[in-house]
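Throughout, read-outs are computed from the coordinates displayed, never taken from laboratory work. As the structure is a prediction and not an experimental result, all values here were calculated from the model. In this analysis, Cβ positions are derived from the backbone assuming ideal geometry, glycine residues included, and neighbour counts consider all displayed protein chains.
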C-alpha cells in the first residue's frame, strides 16, 4: 500500500462516525439508510463520511435502483494493521533495550 493511501486510511479512522460505520459493516453489507439510522445528522453530512471511507478504499458501494449498498473492503485495513504491527515490533525492541543492563551501562 502506498504511503498516501495508508495516510488516508488512518485519517478516515480518526472519526468515530466512520469507525462505527466500519464496525457495522463487519456484520455484512448495508444500505445508506440503515447505516445512517443510528446517527443524528443530516443525510448529506452522513454521506460525506461514506465518501471518505470509499475514497480511501476501506468500503465499496453498489447502486441498485435507488438503493446504494456499502460493503467493507478489508485489504486497506489489513495493510494498516500490518504497518501497526511493524511499528509495535520496533517499539517493543526499543523498550526491551532500555531494560538491558548492557544498554544502561553504555548510556551512563
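Helix 43-55 sits at what angle to the longest principal axis of the chain, using alpha carbons and giving 0 to 90 degrees rounded to 10?
The answer is roughly 50 degrees.
Evaluate the distance, in nm, between pseudo-label points positioned 7 Å from the Cα of residue 45 and of residue 4 along their respective Cα→Cβ axes.
3.1 nm
Ordered by packing density, taken as the mean number of other Cβ atoms within 10 Å over each peptide's residues, highest first, how do 16-29, 44-57, 80-93, 61-74 rank?
44-57, 16-29, 61-74, 80-93
At a threshold of 8 angstrom on Cα-Cα distance, excluding pairs fewer than six apart, so keeping six or more, what relative contact order does region 3-103 reach in percent?
On the way: 80 pairs, mean separation 29.8, N = 101.
Result for region 3-103 is 29 percent.
Okay, helix-only estimate at 222 nm for the chain: each DSSP H run of n ≥ 4 adds -39500 (n - 2.57), divide by all residues, round to 500 deg cm²/dmol; what do you get?
-20500 deg cm²/dmol
Using only alpha carbons, build the gyration tensor for region 1-43 and give me the equivalent ellipsoid semi-axes, biggest first, whole Å.
Each semi-axis is the square root of five times an eigenvalue, giving 23, 13, 8 Å.
Taking the chain as the reference, fit the longest principal axis to its C-alpha atoms, fit the long axis of helix 74-99 to the helix C-alpha atoms, and give the angle between the two in degrees, 0 to 90, nearest 10.
20 degrees
Quick one: go through region 50-68 and flag any residue whose amide nitrogen is under 17 Å from the point 7 Å out along the Cα-to-Cβ line of residue 33.
Within reach of a label on residue 33, which here means backbone N under 17 Å from a point 7 Å along Cα→Cβ, region 50-68 contributes 62-68.
What distance in nm separates the simple spin-label points at residue 11 and residue 60, each placed 7 Å from Cα in the Cβ direction?
Modelled inter-label distance: 2.3 nm.
Over 10 Å intervals from 0, what percent of Cα-Cα pairs in region 3-103 sits in each interval?
14, 40, 23, 12, 8, 3, 0
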